[in-house]
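Trainee: A single structure is presented below for examination.
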Amino acid sequence: NAGVMQNPRHLVRRRGQEARLRCSPMKGHSHVYWYRQLPEEGLKFMVYLQKENIIDESGMPKERFSAEFPKEGPSILRIQQVVRGDSAAYFCASSLYPNQPQHFGDGTRLSIL
Amino acid sequence: ELKVEQNPLFLSMQEGKNYTIYCNYSTTSDRLYWYRQDPGKSLESLFVLLSNGAVKQEGRLMASLDTKARLSTLHITAAVHDLSATYFCAVGTGNQFYFGTGTSLTVIP
């Protein structure tokens, strides 16, 4: 499968735990985007990364959230000390160039108990 | 922050009918995208519109862009049940994509 791969598909955490969401972009894509989708809402931009660099993190909460896209391996969205309000679907997308259509993964559905 | 508004938010239509979904955005942009999302699934790219007056068609769907009016439309012709999904428009500016709230389309036999 050459598409955007996200794992896990579903993740359950208790309040205060850490959540780590992984995203492997399409082959050859170096631009990665993370979005959050609340039920029956559109996608909200969180962060845009290009290999080893955070280009734009203006949509990401200042505390508890971080993202990385290392030279080797998948992009990681990390949420520390999760709270109930973090429950959402988190989508990763990648593109070959910044302005091209983004290809989306199947998302990670995060549930906080 | 750029705002993207879609209407209607919910649309129930009979098979065989035509309808249009509207996407308005608040700031100048020359990149507009339409996506489809099935329940519990990811987003599928439908159209990319990159210039004023651009029109693209795929099957029963046709999208257009008027950058002066900051408006894009997604027209559905002779709807069929398989088109039931949520449709999102997204406007690209700088590094970001701004998504509309989506239009949930249900096609009734």
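Trainee: Mind checking which residues of the range B:36-60 are open to solvent by less than 80 Å² (accessible area, probe 1.4 Å), in a strand (DSSP E or B) and farther than 28 Å from A:Arg109 by Cβ?
Mentor: Within the range B:36-60, B:Leu49 is the sole residue that qualifies.
Trainee: Among residues belonging to the range B:1-30 that are part of a loop (DSSP other than H, G, I, E, B) and open to solvent by less than 80 Å² (accessible area, probe 1.4 Å), point out the one that is nearest to B:Thr77 (Cα to Cα).
Mentor: Applying the filter and picking the extreme gives B:Gly16.
Trainee: Let me spell it out: the conditions are (1) in a loop (DSSP other than H, G, I, E, B); (2) under 19 Å from A:Val12 (Cα atoms); (3) not aromatic (Phe, Trp, Tyr), and A:Pro101 meets all of them except one. Which number is the exception?
Mentor: With respect to (1) in a loop (DSSP other than H, G, I, E, B); (2) under 19 Å from A:Val12 (Cα atoms); (3) not aromatic (Phe, Trp, Tyr), A:Pro101 is out only on (2).
Trainee: Residue check: is B:Tyr33 open to solvent by less than 50 Å² (accessible area, probe 1.4 Å), over 10 Å from the mean Cα position of the chain (by Cα) and hydroxyl-bearing (Ser, Thr, Tyr)?
Mentor: no
Trainee: Considering only the range A:10-33, state which residues are of a type in the set (A, V, I, L, M) and either without any contact (Cβ under 8 Å) to a residue 12 or more places away in the chain or open to solvent by less than 50 Å² (accessible area, probe 1.4 Å) (or both).
Mentor: Selection gives A:Leu11, A:Ala19, A:Leu21, A:Met26, A:Val32.
Trainee: Residue check: is B:Lys68 free of Cβ contacts under 8 Å to residues at least 40 places away in the same chain, open to solvent by 50 Å² or more (accessible area, probe 1.4 Å) and outside any strand (DSSP E or B)?
Mentor: Answer is yes for this residue.
Trainee: With A:Lys71, A:Lys44 as the choices, which residue is without any contact (Cβ under 8 Å) to a residue 40 or more places away in the chain and more than 12 Å from chain B (Cβ to nearest Cβ)?
Mentor: Sole residue among the options that is without any contact (Cβ under 8 Å) to a residue 40 or more places away in the chain and more than 12 Å from chain B (Cβ to nearest Cβ): A:Lys71.
Trainee: List the number of the failed condition for A:His29; all other conditions in (1) within 14 Å of chain B (Cβ to nearest Cβ); (2) outside any loop (DSSP other than H, G, I, E, B); (3) in contact with a Ser or Thr (Cβ under 7 Å, 6 or more places away or on another chain) hold.
Mentor: For A:His29, the exception is condition (2).
Trainee: Would you be able to tell me the number of residues in the range A:34-68 that are at pLDDT below 90 and buried (at least 21 other Cβ atoms within 10 Å of the Cβ)?
Mentor: Residues flagged as at pLDDT below 90 and buried (at least 21 other Cβ atoms within 10 Å of the Cβ) within the range A:34-68 amount to 1.
Trainee: Is there any pair linking a residue in the range B:82-109 that is within 17 Å of B:Arg60 (Cβ to Cβ) and at the interface with chain A (Cβ under 7 Å from one of its Cβ atoms) to one that is open to solvent by 20 Å² or more (accessible area, probe 1.4 Å) and assigned to a strand (DSSP E or B), with Cβ under 9 Å and at least six apart or on different chains, and which?
Mentor: Between residues of the range B:82-109 that are within 17 Å of B:Arg60 (Cβ to Cβ) and at the interface with chain A (Cβ under 7 Å from one of its Cβ atoms) and residues that are open to solvent by 20 Å² or more (accessible area, probe 1.4 Å) and assigned to a strand (DSSP E or B), there is no close pair.
Trainee: In addition: Anything in the range A:74-113 that is away from chain B (no Cβ under 14 Å), within 27 Å of B:Gly94 (Cβ to Cβ) and open to solvent by less than 10 Å² (accessible area, probe 1.4 Å)? List them, or say none.
Mentor: A:Ser75, A:Leu77, A:Ile79, A:Asp86
The values are calculated or read from the model by the stated rules, or taken from the named source; none is laboratory data. What you see is a predicted model; the values in this text were computed from it and never measured. Cβ atoms come from the backbone with ideal geometry, glycine included; neighbour counts cover every protein chain shown. To get the accessible areas, we keep the full protein, side chains included, count just its heavy atoms, and leave off ligands, DNA and RNA. Shrake-Rupley method; radii C 1.70, N 1.55, O 1.52, S 1.80 Å.
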